[in-house]
Amino acid sequence: MAFLLLAVLALGLAVWIGMWPSLVERRRSAVRARPFPDAWREILRWRVPYFRRLPADLQLQLKQHIQVFLDEKSFVGCGGLEINDVIRVTIAAQACLLLLNRPTDYYPGLHEILVYPAAFEVPTRQIDASGLVTEKREGRVGESWARGQVVLSWHDTVEGAAEHEDGHNVVLHEFAHQLDQETGSANGAPALPSRRRYREWSSVFNAAYAQLQARLGVGEPSVLRAYAATSPGEFFAVATEVFFELPATLQEEYPALYEQLARYYRLDPLSW
Ligand SMILES: [Zn+2]
């Protein structure tokens with residue numbers, strides 16, 4: 001009897017797990033079919049000028065992604081900040097730019113977006129070669145945690161959205177880390193469809209990383225800022241900011257890198 005009960009429960013669980021993706025998709029389709037609120041459209045108009053740069057089909061896609069993102073993710077105000085729709089829509093619009101044209105599960109590992117009014121401090125701990133531990137507090141404008149959180153400074157989010165042609169955007173940066181973290185640690189290689197694509201990605205990114213370090217070494221300017229040379233993960237995040245905001249310069253300085261990013265994001269910002 002107990003065995004039969006267990007078998008029925010196991011079967012029920014298997015059916016439920018099997019149906020889960022279609023239930024999620026059904027819910028998302030219903031959310032996308034809702035009318036996009038006028039107030040949100042106004043927020044896009046005033047706070048996210050990049051939106052106007054997109055072709056009409058991508059604008060529509062982005063609005064639908066924003067609806068699903070805001071339906072599924074929680075926002076937490078920190079340091080006295082109260083969350084409102086201006087904050088939610090401005091962040092969601094930029095985060096969802098990275099999902100356009102791609103099959104997406106909407107940052108499945110991400111649950112919460114923590115927002116501070118401005119730059120915030122985090123405790124850091126460094127151990128040098130001799131084992132000496134240094135603990136201090138460092139200022140940050142954004143962070144991406146593999147355990148399901150992105151942390152943002154609202155002040156820098158607003159600035160990043162307003163100045164959309166300077167290659168600096170904290171939201172694009174932190175959400176690029178989220179994509180990178182979907183495959184484990186942020187190592188500069190997000191999920192790619194085949195081993196051949198990983199080989200191409202790694203050869204192009206390694207060459208561009210070396211090229212940036214060489215440029216920095218002789219004081220030559222580069223569209224990729226020096227912070228990109230601190231690790232492959234930061235390189236991918238900074239390259240993503242520049243891909244969206246300064247595509248022509250990126251393509252000119254690092255054509256193979258631009259091509260890899262265009263294939264990964266399935267977008268060609270140069271043509272907009
Ligand atoms: Zn970073």
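Read-outs throughout are calculated quantities, based only on the coordinates presented, and are distinct from any laboratory measurement. Because the structure is a prediction, the values reported are computed rather than measured. Cβ placement follows ideal geometry from the backbone for every residue including glycine, while neighbour counts extend to all protein chains displayed.
Restricting to the chain, compute how many DSSP beta bridges are antiparallel as a %, nearest 5.
Given both bridge residues lie in the chain, the antiparallel proportion sits at roughly 55 percent.
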| Across segment 67-72, in residue order, what do the Karplus-derived ³J(HN,Hα) couplings come to in whole Hz, using 6.51 cos²θ - 1.76 cosθ + 1.60 with θ = phi - 60° and x for Gly and Pro? | 4, 5, 4, 6, 6, 10
| Inverse of mean 1/r across different Cα pairs in segment 1-158, Kirkwood, Å | 18.6 Å
| query | How big is the C-alpha Rg of segment 187-272 next to the rule-of-thumb value 2.2 N^0.38 Å, as a ratio? | reply | 1.02
| Which order do peptides 216-227, 252-263, 20-31 fall in by mean Cβ count within 10 Å, highest first? | 252-263, 216-227, 20-31
| query | Based on DSSP H runs of at least 4 residues, each adding -39500 (n - 2.57), what is the mean residue ellipticity at 222 nm of the chain after dividing by all its residues, to the nearest 500 deg cm²/dmol? | reply | -18000 deg cm²/dmol
| Using a basic spin-label model with each label point 7 Å from the Cα along Cα→Cβ, how many nm lie between E165 and L4? | 7.4 nm
| What's log10 of I(q)/I(0) for the chain at q = 0.13, 0.14, 0.15 Å⁻¹, Debye sum over Cα points only, no solvent? | -0.93, -1.05, -1.18
| What is the sum of charges around A119, taking Lys and Arg as +1, Asp and Glu as -1, for the other residues whose C-beta is under 13 Å from the C-beta of A119? | -3
| request: Could you give the size of the charge dipole of the chain about its Cα centre, using +1 on the Cβ of each K and R and -1 on the Cβ of each D and E, expressed in debye and rounded to the nearest 20? | output: 940 debye
| Cβ-derived FRET efficiency at R0 25 Å, S29 paired with H111, nearest 0.05 | 0.70
| query | Each residue of segment 173-187 in order: what ³J(HN,Hα) in whole Hz does its phi give by Karplus 6.51 cos²θ - 1.76 cosθ + 1.60, θ = phi - 60°, with x for Gly and Pro? | reply | 4, 5, 6, 5, 4, 4, 4, 4, 6, 5, 9, x, 6, 6, 10
| message | Taking θ = phi - 60°, what integer Hz values does the Karplus form 6.51 cos²θ - 1.76 cosθ + 1.60 yield along segment 21-33, in sequence order, with x for Gly and Pro? | response | x, 6, 5, 4, 5, 5, 5, 5, 4, 5, 5, 5, 7
| task | Enter the Cα centre distance for the pair segment 197-248 and segment 153-192, rounded to the nearest angstrom. | result | 14 Å
